[in-house]
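The next block holds one structure in the form of structure tokens; read it before the comments.
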Amino acid sequence: MSEEFRIIGKSLPRFDGPVKVAGEVKFLEDIEIPGCWLGGVVRSEVPRGVVRKIETLPAFAETGAVLVTAEDIPGENYVAIVRSDYPALAAPAVNYATQAVALVAAPDAESLKRAMAAVVVEIEPLPPIFTVEESAASKELIWGEDNCIDHYHTERGDLRKGFAEADVVVEGEWETGLQEQMYLETQGMAAWRAGDGIELLGSLQCPFYVVNAVAAALGLPHEKVTVRQSATGGAFGGKEDYPSILGVYAALLAWKSGKKVKIVYDRSEDLLVSPKRHPSKSRYRMGLTKDGKITALDAEIKLDAGAYTTLTRVVLQRTHLHAAGCYYVPNVRVRSSAWATNTPPNGAFRGFGAPQAIFAIERTMDLAAERLEMDPLDIRLLNTIKTGDLFPYGQVLREGNNAEGVLLKAAELSDYRRRREILSQQREGRFRKGIGISLALHGGGFTGAGEANMGTTAKMTFDGKRFRIYTSSTEMGQGASTVLPMVAAEALGVELEDVLYVEPDTKYTPNTGPTVASRTTMYAGKAVQDACENLKKAIENGGAPLSGKALVEAAKRYLEKEGRAEALGYNIFTDGQSWDEEKFAGDAYHGYAWIANAVEVELDMDTYEATPLSAAVAAEVGRAINPMQAKAQLTGGVLQAFGWAHIEDLKTDAKGRYTAAHMNAYLVPTTLDTPEWKVELLEDPCPAGCYGAKGLGELPCDAGAAAFVAAIDHAAQIFSHCAPMTGEKIFEAIEKRDNGGE
Ligand code: MOS
């Protein structure tokens, strides 16, 4: 713990923890809203087509239900996210099976069921496309002029010269799959008219995103839309865009019916319609000297966007910028693109495009190590980006050699070299072990000029007893309601019990930006700190600096005299960074967090089941505001990455629908799949972050899959090109090797 601070650096348990652990927290479904109707969504059964007719049978009227079709939408028929290409209700084009065509609200569950069954939708089918290859070849045109949702291109140095200088060239094709967030409680939103406006309550990450979307769909000014967050047990990106969609549905139903309307999905519907991690396919060509130094990299990555943009553009930006991972590459080309398919739109998932890129670069490093007969650790150590080196997009690394730092630390924690050697000798029997290592970085906050343009604002008030924190940064189980009070108490110089985190309500809270992109501690925290300093200054009124009880007493006198005590605060950058959006080059992020994982896996050669036994996690996170929470974030996220690496296997059927409609058909890691953890934090405080903090929420999802797959490879003596490496795929790879296929 740092001695400069009283509260920053303390390991405190999460304030929202006890009620959640005790099962006492009330999620939206548990909240009684008197007189509330229930809403449902009528969906397309075909992946592509044209809506010809929507009718109700006589039974519909008997239920007293209300139907909403595209014609009932008072504002614009789209859900405002990155673009406005995603219709709230398909009219007339349908572009994926399960797409919303109409909405129904009814007084109770039984009549909702009967009413939904009495809606008849006729859709004339068109031929769908389901793969990135079909989309890129314009087999059918389903989006824009060429099905390409977005694409980026970066070149630096001289690629031809770089490959000419290489002694060896390795080339690999890499593939990663869909992934479901599997938050605790399912998606849910409630809406009701309030005067000439509307109010919403639901499980969400980004209150102002929902305001924007609902205002556009209802044709209301933003101040007529109020959004409140209900308790959120988990989100992982899955509640970044979807609450805007569900919020629009609930708002349209409430608007037309005049009733309060609640929609809470059951797990099945949630799994089938909510956004997943984008599947990726990439091809990496890398040139190296015989000593293992990288001379050139040519990387091409394609993401499957699903039917509409939602967040794909920004996800792809992060994929693109993380394509070379933690390595210095003098001659480099990166091409990335995202393609429309007739499947549900893919969206945000912790890591936000970086895990796909890191999987590809880390596996390419393993491939190069194998070709050069080097250890995977050594080839990485030789190429890590160092202070003063350029990233492919032109940013100079200004901080310490943290890629090297975390790698060495993970190797030490796992006893990597010794374990690698010992396990390499043990290649007999039913249970075989392997160890893999991987490295990643994560740019904190929005990409490019996103943070500078955000206008991140927080407000502090004094209510006569305590200092209150008003932000739109939501608690979703990640610790915002613990860390922001720690920041405020530190900045004010008071005790934690003198500070209160207020649940976001867009009527009262300023726009601190969305709770995404690992930006809450790093940047929302800075706005809170600034608001605290401004309020403190006002209370001190030019007198001596006050803290503790003296400040609380002075605040009481100030409030009595002025009638109110409040101050705004902002996140302002003074690091002189610049970004060129046109060229998509420059200072992409104000701070990078770094992680290395070494994982030891046991592979059952009868069942091909892989079990992680122990995992070392070394992460450089700037200043750890709450080290215990930081470590908890790291282990939770790495476990999600491990799930993506071997058991989370989600497919689509002949209509482009997800095949898993229940939790028993989609496995996520449980405590039984959890390794013994060895976690260590390294701290290189970041000048742009709150008290030196860097964003660490997403970092742990970035590297784990590559290490896990490498460990499977080490155990089974194969080389894997995809995640997840399920038992079936391990079996196939062993068969292929033994039949001389590899
Ligand atoms: Mo996120 S995956 O930026 O909520």
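The values are calculated or read from the model by the stated rules, or taken from the named source; none is laboratory data. Keep in mind that what you see is a predicted model, and the values were worked out from it rather than measured. Cβ coordinates were reconstructed from backbone atoms using ideal geometry, including for glycine residues, and neighbour counts include every protein chain displayed. Please note that ligands, DNA and RNA were not included when accessible areas were found on the heavy atoms of the full protein model with its side chains. Shrake-Rupley method; radii C 1.70, N 1.55, O 1.52, S 1.80 Å.
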Estimated dipole of the range 162-234 in Debye, rounded to 20 [Cβ of Lys and Arg +1, of Asp and Glu -1, Cα centre]: 840 debye
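Residue separation times 0.36 nm, minus the C-alpha to C-alpha distance between F15 and R83: what's the value? Write down the numbers at each step before the final one.
Working: separation 68, 0.36 × 68 = 24.48 nm, distance 3.70 nm.
So the chain would gain 20.8 nm between F15 and R83.
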Positive dipole terminus of the chain, leading residue within Q187, N212, N342 (C-beta point charges): N212
Along Cα→Cβ, 7 Å out, is where each label goes; now give me the distance between the ones at E497 and E581 in nm to one decimal. 4.9 nm
Need one number: % antiparallel among DSSP beta bridges in the range 165-255, to the nearest 5. 55 percent
Listed here are the pairs K26/K262; K224/K537; K224/K259; K536/K556; which of them are more than 23 Å apart at the Cα? K224/K537
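Once you have a ≥ b ≥ c as the square roots of the Cα gyration tensor eigenvalues for the chain, tell me rounded if a/c is under 1.5, and otherwise prolate or oblate according to whether a/b is larger than b/c. Mind showing how you got there, number by number?
On the way: a/c = 1.73, a/b = 1.13, b/c = 1.53.
Cα axes put the chain in the oblate bin.
Give me the extension gain from L141 to R398: residue separation times 0.36 nm, minus the current Cα-Cα distance, reported in nm with one decimal.
Working: separation 257, 0.36 × 257 = 92.52 nm, distance 4.49 nm.
Roughly 88.0 nm would be gained on extension.
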If I compute solvent accessible area with a 1.4 Å probe over the protein chains, what percent of it on the chain is carbon and sulfur? 49 percent
The chain accessible area per residue, 1.4 Å probe, protein heavy atoms, integer Å², reads 37 Å²
Among the DSSP beta bridges whose two residues both lie in the range 420-529, what percent are antiparallel, rounded to the nearest 5? 50 percent
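Mind putting a number on the dipole of the chain about its Cα centre? Charges go on the C-beta only, +1 for Lys and Arg and -1 for Asp and Glu, and I need it in Debye to the nearest 20.
Computed charge dipole of the chain: roughly 1040 debye.
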Once you have the Cα-Cα distance between H222 and A550, take 0.36 nm times their residue separation minus that, and quote the gain in nm to one decimal. 114.0 nm
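Net charge near W255, counting Lys/Arg +1 and Asp/Glu -1 over other residues with Cβ under 15 Å of its Cβ?
Working: positive: R193, K224, K256, K259, K260, K262; negative: E71, D72, E76, D196, E199.
Overall, the nearby charge balance is +1.
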Please give the Cα centre distance for the range 556-615 versus the range 470-519, rounded to the nearest Å. 15 Å
For the pair Y570/E370, report the inter-label distance in nm, with labels modelled 7 Å from Cα in the Cβ direction. 5.3 nm
For the chain, give me the percentage of DSSP beta bridges that are antiparallel, rounded to the nearest 5 percent. 75 percent
Candidate span helices, the chain: DSSP H, at least 24 Å along axis from Cα coords, Kyte-Doolittle average at least 0.0, result 354-372, 627-646, 700-716
Point-to-point label distance, E155-D463, nm (Cα→Cβ direction, 7 Å offset): 5.9 nm
Residue (of A360, G394, C326) at the positive-pole extreme of the range 314-416, dipole from beta-carbon charges: G394
Once amide hydrogens are built 1.01 Å from N within the peptide plane, the residues lying 5 or more places from A693 or on another chain with amide H under 5 Å from its amide H are R623, C686
Provide M663, M486 ordered by accessible surface of protein heavy atoms (probe 1.4 Å), highest first. M663, M486
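Taking K and R as +1 and D and E as -1, what net charge do the other residues with C-beta under 13 Å from the C-beta of L682 add up to?
Working: positive: K409, R623, K631, K694; negative: E399, E404, E412, E620, E680, E683, D684.
Around L682, the charge tally is -3.
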